[in-house]
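Okay, handing you the structure first.
The values are calculated or read from the model by the stated rules, or taken from the named source; none is laboratory data. Not measured: the values here are computed from a predicted model. Glycine also receives a Cβ, built like all others from the backbone with ideal geometry; neighbour counts cover every protein chain displayed. For the accessible areas, the whole protein counts, side chains as well, though only heavy atoms, and no ligand, DNA or RNA atoms are used. Shrake-Rupley method; radii C 1.70, N 1.55, O 1.52, S 1.80 Å.
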Amino acid sequence: MTLYDSRDTTIRGAYWQYLSSLTLVVVGGLFYIFIIHFYSTEIVGVFSLLSAIAFLFSTVFSLGLQQGVQHFISYHLGKGEDGMIRALVRKFTAVGFLLSLAAFATLWLLSPAFALLFFHSYAYLDYLRLMDVEIFATIFNGILLYMLLGLQSFRLNGMLNIFNYAVGYGLIIPLLLINSNPIRIIFAWIAGYYATTFLLLYYVHSRVGGAPKTNSGVSLSPVLSYSIPIFISGLVSYGATYVDRFIVSFLINLSELGIYNFSLLLINALSILVLPFTSVLLSRLSEFYGRGDRE
């Protein structure tokens, strides 16, 4: 069976993508409700700012390659070039690892400056350093998950996302029962991301492992050229969505940021209406483009 024959249908793919997004909205909302009941609004502000920093580094260091890899894998899927897909997956797994390593090193060096600038003290420096460990897996995860979207394994993509949320958020309460220090929340997130990373590496490479090797090399430049506009768009979108959190944390305090962040949860949750569908749509259109199927 070829990679093309093993792809999911559009309806099945959309179902699992919506289920994955709904799970994130529900567990994310319950998480903030949980910490605002058991901790101060300052702790809520701390985790809001940590999430914003994590998303910033994920946006910058992924370079838009997530959608770029997704597009080109589906494009070669449409052309029936399984060997090219295998080469793309292997090359961009290595690229994803290097980008994740670069993000880790950068935030580790910048953590003291970030702590003083936005947290107004070094009290939460350990939180930043732990989030740095998570960010490594976050960026690597993102590229691998988009590889699955490119392979049109929408169901597996959704299931692994749900697994990540289940482990990352499900371990929070047991860890806090052992010790109430809120830094243990980050340990739970790390466990979820790294467990998912190992599963992704196994499933992605097992999917393409049976494909024939291609004699022609895979160039990075077409994927980079495709990804640069997406990268710029991602930076603009990030600024529009998250810059207010940095301004609030810089000008006021973490407690005010905690209250402010909680008020934004419902608005951000509305992305569930659009994002799952676009994930499926990009893969399908890329496949049709590869087949030359204009109709």
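Can you find a residue in the range 142-153 that is among the aliphatic types (A, V, I, L, M) and more than 14 Å from the chain's Cα centre (by Cα)?
Within the range 142-153 (the criterion being among the aliphatic types (A, V, I, L, M) and more than 14 Å from the chain's Cα centre (by Cα)), the answer is yes, since at least one residue qualifies.
Right, something else. For a quick check of your reading of the model, give me the residue pairs whose first member lies in the range 162-191 and is farther than 16 Å from residue 32 by Cβ and polar (S, T, N, Q), whose second is open to solvent by 30 Å² or more (accessible area, probe 1.4 Å) and assigned to a helix (DSSP H, G or I), with beta-carbon atoms closer than 7 Å and at least 6 apart or on different chains.
From residues that are farther than 16 Å from residue 32 by Cβ and polar (S, T, N, Q), the pairs are 164/193.
Does the range 10-27 contain any residue that is of a type in the set (Lys, Arg) and not in a helix (DSSP H, G or I)?
no
Quick check, is residue 120 out of contact with any helix residue (DSSP H, G or I) (no Cβ under 7 Å at 6 or more places or on another chain) and either in a loop (DSSP other than H, G, I, E, B) or buried (at least 23 other Cβ atoms within 10 Å of the Cβ) (or both)?
It is true that residue 120 is out of contact with any helix residue (DSSP H, G or I) (no Cβ under 7 Å at 6 or more places or on another chain) and either in a loop (DSSP other than H, G, I, E, B) or buried (at least 23 other Cβ atoms within 10 Å of the Cβ) (or both).
Okay, next question. Given 143, 135, 85, which one is in contact (Cβ under 8 Å) with a residue 40 or more places away in the chain, under 13 Å from residue 53 (Cα atoms) and surrounded by 21 or more Cβ atoms within 10 Å (Cβ to Cβ)?
Just one listed residue meets the conditions, 135.
Can you find even one residue in the range 195-208 that is within 19 Å of the chain's Cα centre (by Cα), loosely packed, with under 13 Cβ neighbours inside 10 Å and at pLDDT 85 or above?
yes
Pick from 74, 51, 20: which is free of Cβ contacts under 8 Å to residues at least 60 places away in the same chain and of a type in the set (S, T, N, Q)?
None of the others qualify; the one that does is 51.
How many residues are part of a helix (DSSP H, G or I), open to solvent by 10 Å² or more (accessible area, probe 1.4 Å) and β-branched (Val, Ile, Thr) if we restrict to the range 147-185?
Residues meeting the conditions: 4.
Which of the following residues is within 20 Å of residue 189 (Cβ to Cβ) and assigned to a helix (DSSP H, G or I): 78, 83, 68, 96? Talk me through it step by step, then tell me what you get.
On the way: 78 fails: within 20 Å of residue 189 (Cβ to Cβ); 83 fails: within 20 Å of residue 189 (Cβ to Cβ); 68 fails: within 20 Å of residue 189 (Cβ to Cβ).
After ruling out the rest, the residue left standing is 96.
Tell me, please, whether a residue that is under 23 Å from residue 97 (Cα atoms) and either without any contact (Cβ under 8 Å) to a residue 12 or more places away in the chain or basic (Lys, Arg) (or both) can be found in the range 193-204.
Yes, some residue in the range 193-204 is under 23 Å from residue 97 (Cα atoms) and either without any contact (Cβ under 8 Å) to a residue 12 or more places away in the chain or basic (Lys, Arg) (or both).
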